[in-house]
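The values are calculated or read from the model by the stated rules, or taken from the named source; none is laboratory data. Model, not experiment: these values are computed from the prediction. A quick note on method: Cβ atoms are made from the backbone with ideal geometry, for glycine too, and the neighbour counts reach across all protein chains shown. Quick note on the areas: whole protein, heavy atoms, side chains included, nothing else; ligands and nucleic acids left out. Shrake-Rupley method; radii C 1.70, N 1.55, O 1.52, S 1.80 Å.
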Amino acid sequence: FSFSCGRATYLYKTAHYIINHIDPGMVILWVSEYNPSTYRGYITEIDATNLNVVDSVHPHGNPMQIVQTADSNVFVADAFFGLTKKRGLAFDSYNPNGPSAPTAFDIYAYNHEVWVAHGGYSDKYLPLGNRYGISEFKDNQWTPYTYQPDALYDSVLDFVAITKNQSDGTVYAASFQNGLFILKPDGSSQLIKGSVFDPSTSFTGYQVAGLTLDNNGNLWANTFT
């Protein structure tokens, strides 16, 4: 319905879909809909001037909100497929540069550089199995280091602390399940577990919980057993 001068005017009715959201565009009202029985989404375009339905299209999944920018680009927040961009009747995945995940358990920032540890643990201090890894932000660009089957850190989960040696560029990241991960400036990496740390008594693994570097470049770590 539209409301004007205290009166409601019928505008649009959907038969089998749930209306998730209504958003204003340039000269269009965007209606985001979803049918839970068919798991199918629907987007309806309504002319904001004469209130007639202009067009309708099926997006990838479940549209939740729509934004039309000043250059007429249409972006859809989809509950199943994240951010998508409308291109005619198609919807392209739109993944702007960013960290590997929205979670952040620890952050190291120095000299216009930011490192984020995306892991965590439960309220009972148990691992979560988080595979989001770590991310670096430098020169206005994000570089994620996430789970990859062919990489050394393919089994490193739940990063909960991170720091960097500014002298030699080495990054140290603590895993609450797999020990200490070391990333060298040349891209090589190393994983330290049983040779240094005692295994956890609550589960099978090596729970490194915190890290810091002193003024002499020595790395200090605490473990949770």
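What the table below lists for this structure:
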| quantity | calculated |
| --- | --- |
| Cα-centred dipole magnitude for the chain, charges only on beta-carbon of K, R (+1) and D, E (-1), debye, nearest 20 | 480 debye |
| Surface accessible to a 1.4 Å probe, residue 139 within the full protein complex, Å² | 130 Å² |
| The chain, relative contact order [Cα under 8 Å, separation at least 6], % | 9 percent |
| Net charge contributed by nearby residues that have their C-beta within less than 10 Å of residue 53 (K/R +1, D/E -1) | -3 |
| Sequence-distant lysines (8 or more away, or on other chains) whose Cα lies within less than 29 Å of residue 164 | 124, 138, 184, 193 |
| Extent along principal axes [Cα atoms of the stretch 60-148; Å; largest to smallest] | 46, 35, 23 |
| Amide H partners (placed H, <5 Å) of residue 210, local residues excluded | 222 |
| Kirkwood Rh (inverse of mean 1/r, distinct Cα pairs), the stretch 1-107, angstrom | 15.1 Å |
| Accessible heavy-atom area order of 167, 175, 188, highest first, probe of 1.4 Å | 167, 188, 175 |
| Per-residue SASA entry for residue 107, accessible area with 1.4 Å probe, Å² rounded to 10 | 100 Å² |
| Radius 13 Å from Cβ of residue 74, net charge of other residues (Lys, Arg +1; Asp, Glu -1) | -3 |
| Exposed-loop-free span, longest in the chain, where chymotrypsin sites (Phe, Trp or Tyr not before Pro) count as exposed if DSSP calls them loop and at most 11 other C-beta atoms lie within 10 Å | 40-202 |
| Simple Cβ-charge dipole of the stretch 91-176, Lys/Arg +1 and Asp/Glu -1, about Cα centre, in debye nearest 20 | 180 debye |
| Whole-Å distance, taken between Cα centres, linking the stretch 157-207 and the stretch 77-150 | 19 Å |
| The stretch 68-84 - phi-based ³J(HN,Hα) in whole Hz, Karplus 6.51/-1.76/1.60, Gly and Pro as x | 10, 7, 4, 8, 6, 5, 10, 10, 10, 8, 10, 5, 9, 10, x, 8, 10 |
| Long-range Cα-Cα pairs in the chain (distance over 32 Å), rounded percent | 43 percent |
| Exposure of residue 116 as accessible area (Å², to 10), given a probe of 1.4 Å and all protein chains | 10 Å² |
| Charge context of residue 209, other residues only, Cβ under 12 angstrom, K/R +1, D/E -1 | -2 |
